[in-house]
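Student: Have a look at the structure that comes next, please.
The values are calculated or read from the model by the stated rules, or taken from the named source; none is laboratory data. Quick caveat: nothing in here was measured; it's all calculated off a predicted structure. Quick reminder, even Gly has a Cβ in these numbers, built from the backbone with ideal geometry, and neighbours come from all protein chains shown. To get the accessible areas, we keep the full protein, side chains included, count just its heavy atoms, and leave off ligands, DNA and RNA. Shrake-Rupley method; radii C 1.70, N 1.55, O 1.52, S 1.80 Å.
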Amino acid sequence: MESLKVLQLSGERATFDEATVEKLRSSLRGGLLLPNDDGFDKARTVWNAMIHRSPALVVRCAGVADIRQAVAFAHENRLLTAVKGGGHNIAGNAVCDGGLLIDLSAMRAVTVDPIASVAHVEPGATLGDFDHECQAFGLATPMGINSTTGVAGLTLGGGFGWLSRKYGMTVDNLLAADVITADGRLLRASATENPDLFWAIRGGSGNFGVVSRFEFKLHPVGPEILGGLIVYALKDATSALKQLREYVKQLGEDTNVWTVMRKAPPLPFLPPEVHGTEIIAFCVFHAGKPDEGLKAIEPMRKLGTILGEFIGMQPYTAWQQTFDPLLTPGARNYWKSHNFVDLSDGAIEVAVKYVQNLPSPHCEIFFGLIGGATTRPKPDATAYAHRDAIYVCNVHGRWDTAAEDQKGIAWARGFFREAAPYATGGVYVNFLTDDEPERIKAAYGPGYERLVSAKKKYDPDNLFRMNQNIRPSP
């Protein structure tokens with residue numbers, strides 16, 4: 001092979017001869033991929049098709065030893081380094097151009113201790129992997145709404161899902177983690193071991209090292225839950241959202257309702273004439289007794305004229321996959337996001353206005369309801385600080401071709417600007433795109449300086465910078 005050139009943190013390129021590359025390869029139980037190798041393109045591909053980057057080499061990790069080898073090689077040679085778990089992050093930071101990609105996607109083991117109600121999870125596991133293993137014992141924890149999302153990235157940014165009103169953020173259920181820091185140490189982070197690192201990884205993204213194992217607290221859920229959709233025409237949206245904001249103030253924590261406004265997909269319970277028209281859909285979920293759930297969601301059936309509904313008992317694992325068809329890989333995605341403490345008339349007006357002018361049939365605006373248990377910890381309890389957020393709004397721009405980029409991005413940014421006066425100013429870090437560096441401090445909140453201190457301690461050279469980056473120095 002010719003000599004291998006790899007981009008360094010300085011912007012220069014390090015040159016490695018064949019002997020050095022083979023020495024690294026032989027130290028791995030997994031594998032080492034170069035651009036012409038089979039599997040290289042798959043390894044560098046992430047969920048968002050707007051991201052097209054090509055590293056110089058990929059370390060396919062099979063275990064902790066491989067991660068340590070890769071981190072040591074990157075640290076010693078000061079290489080630009082990206083870390084890929086599920087590869088689902090909107091910003092595409094799981095892959096870099098010209099540097100080293102540490103690929104954890106083959107490390108997908110989930111081990112459940114049903115007696116202790118604890119799950120041990122490797123960093124390449126997806127939500128689908130997690131749910132499959134945990135639901136074998138009727139257990140779960142709050143974790144996203146799309147089964148192909150990676151557990152690692154979701155958790156490190158805070159994490160929330162259908163169960164969050166009852167059991168809190170994902171990080172509120174993280175008991176411990178094993179972290180390989182930039183100097184190659186393997187540290188256990190928990191409330192009693194390296195507590196500053198444990199605080200930082202619960203919302204501070206991937207800034208402090210590579211997590212090789214997560215340990216989660218589990219809760220009894222399922223195996224069946226009450227869930228479904230109630231769909232109204234967009235003309236009912238303004239009134240329905242105003243009624244929703246009052247309804248949720250009295251809502252029990254077993255119940256959750258997410259709101260999606262978009263063009264109707266061809267759902268079988270909707271009349272054909274509704275397909276492709278603008279709708280508002282309420283996605284209802286209840287983790288408690290079915291009869292109590294039906295009673296709790298009944299007001300959601302009286303917000304206007306129902307176009308169609310589908311509500312019933314179903315496996316929790318099936319509900320977790322309900323929205324997978326709308327989030328398949330291969331499309332181009334661009335997001336803008338706000339947090340809200342309430343749905344003001346102004347916020348509702350802006351949202352309805354922008355849904356009337358969708359640039360693509362795949363675009364949508366959703367309001368994810370959290371609150372409840374997510375608001376009880378103090379803002380400084382974890383690095384995830386947005387404990388005042390009741391609604392997490394995501395403007396999900398999605399289309400098929402690069403020719404649609406300009407129109408779609410302008411639409412998303414327009415909503416963001418017009419909705420900003422009604423939002424908190426905070427934002428969920430996992431929803432930030434790669435063109436919003438000015439919002440990083442807002443994403444991390446009032447604990448930002450504490451995060452900087454942790455960064456200086458555990459990654460002073462900023463090796464782990466392919467993320468919503470916390471710089472160790474100005």
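Student: Can you list the HN-Hα couplings for region 185-190, worked out from phi with the Karplus curve (6.51, -1.76, 1.60; θ = phi - 60°), rounded to whole Hz and with x for Gly and Pro?
Tutor: The phi angles translate into 6, 9, 10, 8, 10, 7 Hz.
Student: Report the local net charge at Glu436: Lys and Arg +1, Asp and Glu -1, summed over other residues whose C-beta lies under 14 Å from its C-beta.
Tutor: +2
Student: Could you tally the net charge around Arg29, taking each other residue with its Cβ under 12 Å from the Cβ of Arg29, Lys/Arg +1 and Asp/Glu -1?
Tutor: Spelling it out: positives minus negatives among the neighbours equals +2.
Student: Using DSSP to call loops (not H, G, I, E or B), can you name the trypsin sites (Lys or Arg not before Pro) in region 39-129 whose Cβ has at most 16 other Cβ atoms within 10 angstrom?
Tutor: Arg78
Student: Next up: Can you give me the accessible area per residue for the chain, using a 1.4 Å probe, in Å²?
Tutor: With all protein chains present, the chain gives 39 Å² per residue.
Student: Something else about it: Expressed as a whole percentage, what fraction of the accessible surface of region 5-150 belongs to carbon and sulfur atoms when a 1.4 Å probe is rolled over the protein heavy atoms?
Tutor: Carbon and sulfur: 48 percent of the exposed surface of region 5-150.
Student: Using DSSP to define loop residues, name the trypsin sites (Lys or Arg not before Pro) in region 151-235 whose beta-carbon has at most 14 other beta-carbon atoms within 10 Å.
Tutor: For trypsin sites (Lys or Arg not before Pro) across region 151-235 that sit outside H, G, I, E and B with at most 14 neighbouring Cβ atoms in 10 Å, the list reads Arg185.
Student: Looking at this model, which pairs from Lys242/Lys302; Lys235/Lys353; Lys5/Lys84 are more than 18 angstrom apart at the alpha-carbon?
Tutor: Check vs 18 Å cut-off fails for Lys5/Lys84.
Student: Output the pairs from Lys217/Lys378; Lys166/Lys455; Lys166/Lys263; Lys378/Lys455; Lys166/Lys217; Lys336/Lys441 with a Cα-Cα distance over 24 Å in this structure; if there are none, say none.
Tutor: Lys166/Lys455; Lys166/Lys263
Student: Take the alpha-carbon positions of region 356-474, form their convex hull, and give its projected area averaged over all directions (one quarter of the hull surface) in nm².
Tutor: The directionally averaged projection comes out at 9.2 nm².
Student: Roughly speaking, what is the centre-to-centre gap between region 6-77 and region 452-474 when only Cα atoms are used, to the nearest Å?
Tutor: So the two Cα centres are separated by 21 Å.
Student: Straight distance only, please: which aspartates and glutamates reach the Cα of Lys407 with their own Cα at less than 15 Å, same-chain residues fewer than 8 apart left out?
Tutor: Glu364
Student: On to the next question. Can you compute the charge dipole magnitude of the chain about its Cα centre, using +1 on each Lys and Arg Cβ and -1 on each Asp and Glu Cβ, nothing else charged? Give it in debye, rounded to the nearest 20.
Tutor: In total the dipole reaches around 740 debye.
Student: Another one. May I ask you to give the percent of accessible area on region 165-224 that is carbon plus sulfur, with a probe radius of 1.4 Å?
Tutor: 51
Student: Still on this structure, please answer the following. For the chain, the longest stretch holding no GluC sites (Glu not before Pro) located in a DSSP loop with at most 12 other Cβ atoms within 10 Å is which?
Tutor: That would be 194-474.
Student: A further question follows. Using alpha carbons only, how many angstrom separate the centre of region 234-268 from the centre of region 307-359?
Tutor: If you average the Cα positions of each part, the centres end up 10 Å apart.
Student: In the chain, with Lys and Arg counted as +1 and Asp and Glu as -1 at Cβ, which of these residues, Thr15, Ile201, Pro359, has the Cα nearest the positive end of the dipole, that is, farthest along it?
Tutor: Among Thr15, Ile201, Pro359, the one farthest towards the positive end of the dipole of the chain is Ile201.
Student: Let me ask something else. In whole Å, what are the extents of the chain along the principal axes defined by its C-alpha atoms, from largest to smallest?
Tutor: That works out to 70, 53, 41 Å along the principal axes.
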